[in-house]
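Next up is a structure, given as structure tokens.
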Amino acid sequence: MDAVSLLSADLAAICIESLFYGIFLVLSIASLYVLTRRGRETSDPRIGGTTLWSMITPMSLAAVSLFMTNMAHWIINVYRIFQAFVILDDETERIQFLGDLPQPSDVCKLSVLMASLIIGDMMLVYRLWVVWAYNKVVTFPPLCSLLGLIVCAIGALYEISRAYDGESLFASAPGDWITANCVFTLCTNVYSTGFIAWRIWRANKEARRFGGVNLMGVLGILVESAALYTAWTILFFVTFLLQSNLAFFFSDTYSAIAGIAFMLINVRVGMGWAPRATIRSALSASIGPFSPGANGPYSMGRLTVNVTKVIHRDDGIDPPIKFASNSDLELPGPRVQGSAA
């Protein structure tokens, strides 16, 4: 017999999900502000300045979509709890209602949950694609696992919608699809996060050699968010395999965790809570002027060389941005001024 009852798991889930949804709501507003500001900053003034289209990016669309799916998931969960504890009086009826798989509200709740997971994984693959400079070979494996997640999500919803009254979620038909869901989303997250982290680490190593900015803060944010989502997936997967009612707790809070993990990256990087490359940074070196002898044929002055360094920054929030930093190098020579890029 399961030590955690279904009623206890659902009551705990609605409390924790409400807390997570509040956190997600704040992060969503901040993320939309950051993405909107980025759209205004990167809009081309030659074509009329800021427009609505300049602010529509894959990240902004994903942020709005996750906002809608999380709101729908929370509303449905609140409705189900009120339905069970206000409308129904008998404990047996409450358990039957909350455990009824083909019940329309339960199918809708699982549908928006699957949509949230698919959107989160889709944006992780998109970040991988951008960070790896649109490399199709690197992006192909997680793209396949993402397609597998979509197929398994559809299969799970189909099996749940046609389940008979009283059938358990842990039954073979829906359970196999859900197990495959967990495997695919874990593969997508571990692979994509690992390759993004390795790319950022290599870029940081090369940038530090030439006095560039430290990107380890961005790497830390990415790993922390991925660890949060991956840990929640593993907890749900383990409790599901053990056929514990705790799986319903992790399932009901899963959508909010997926949204928080996505929004945290946007907000922490976009608001400058991690070390970021500034548009222009000073890098200077000087060599003392050369003083020729009195018999020298030329009057020696200073030669100023403007060195431009182009850095390719991909943070997964907006398209790659190139920016330069100038340095003045004083060399002995005729009193002329030149520029090298």
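Multiplying the sequence separation of Val190 and Leu61 by 0.36 nm and subtracting their Cα-Cα distance, what value in nm do you get?
On the way: separation 129, 0.36 × 129 = 46.44 nm, distance 2.38 nm.
Extending this stretch completely gives an extra 44.1 nm.
Please arrange Ile265, Ile16 by counting, for each residue, the other beta carbons lying within 10 Å of its beta carbon, fewest first. Walk me through the intermediate numbers first.
On the way: Ile265 25, Ile16 15.
The most exposed by this proxy come first: Ile16, Ile265.
Among Thr36, Thr253, Thr193, which comes first, second and so on when ranked by fewest other beta-carbon atoms within 10 Å? Mind showing how you got there, number by number?
Values: Thr36 15, Thr253 25, Thr193 21.
Exposure proxy ranking, most exposed first: Thr36, Thr193, Thr253.
Going by the alpha-carbon gyration tensor, a ≥ b ≥ c the square roots of its eigenvalues, is the range 145-203 rounded (a/c under 1.5) or, if a/c is not under 1.5, prolate (a/b greater than b/c) versus oblate? Don't jump to the answer; show the numbers that get you there.
Numbers: a/c = 5.66, a/b = 3.54, b/c = 1.60.
Since a/c reaches 1.5 and a/b is larger than b/c, the shape of the range 145-203 is classed as prolate.
What net charge is computed for the residues neighbouring Trp74, neighbours being all others with C-beta under 14 Å from the C-beta of Trp74, Lys and Arg scored +1, Asp and Glu -1? Walk me through the numbers before you get to the answer.
Details: positive: Arg80, Lys109; negative: Asp10, Glu17, Asp252.
After counting each charged neighbour, the total is -1.
Determine the relative contact order of the range 6-270: mean sequence separation of Cα pairs under 8 Å and six or more apart, normalised by residue count, in whole percent.
On the way: 301 pairs, mean separation 74.2, N = 265.
That works out to 28 percent.
Now for a different question. Mind listing the phi-derived Karplus ³J(HN,Hα) values for the range 215-231, rounded to whole Hz, using 6.51, -1.76 and 1.60 with θ = phi - 60°, and x for any glycine or proline?
Couplings: 9, 5, x, 5, 4, x, 4, 4, 5, 4, 5, 5, 5, 4, 5, 5, 4 Hz.
In addition: In square nanometres and to one decimal, what's the mean projected area of the convex hull around the Cα atoms of the range 6-270? If you can, show how the numbers build up before the last one.
On the way: hull surface 63.1 nm².
Average of the hull's projected areas for the range 6-270 equals 15.8 nm².
Place a point 7 Å from the Cα of Glu93 along the Cα-to-Cβ direction; which residues of the range 147-172 have their backbone N under 18 Å from it?
Counting only backbone N, you get 166.
Oh, and also: Where does the charge balance sit around Leu11 when Lys and Arg score +1, Asp and Glu -1, over other residues with C-beta under 14 Å from its C-beta?
On the way: positive: Arg80, Arg94; negative: Asp10, Glu17, Glu91, Asp252.
With Lys, Arg at +1 and Asp, Glu at -1, the net is -2.
Where does each of Asp106, Asp90, Asp100 land when they are ranked from fewest to most other beta-carbon atoms within 10 angstrom? Each step should come with its number before you reach the end.
Values: Asp106 20, Asp90 8, Asp100 15.
Going from sparsest to densest Cβ surroundings: Asp90, Asp100, Asp106.
What does the C-alpha gyration tensor say about the overall shape of the range 190-261? Classify as rounded when a/c is under 1.5, otherwise prolate if a/b is larger than b/c, or oblate.
Details: a/c = 5.43, a/b = 3.17, b/c = 1.71.
It is prolate, given that a/c is not under 1.5 and a/b is the larger ratio.
The numbers here are math on the coordinates, done by the rules we state, and not lab data. All figures in this text were calculated on a predicted structure; none of them were measured in a lab. Here Cβ is always computed from backbone atoms with ideal geometry, including for glycine, and neighbour counts include all displayed protein chains.
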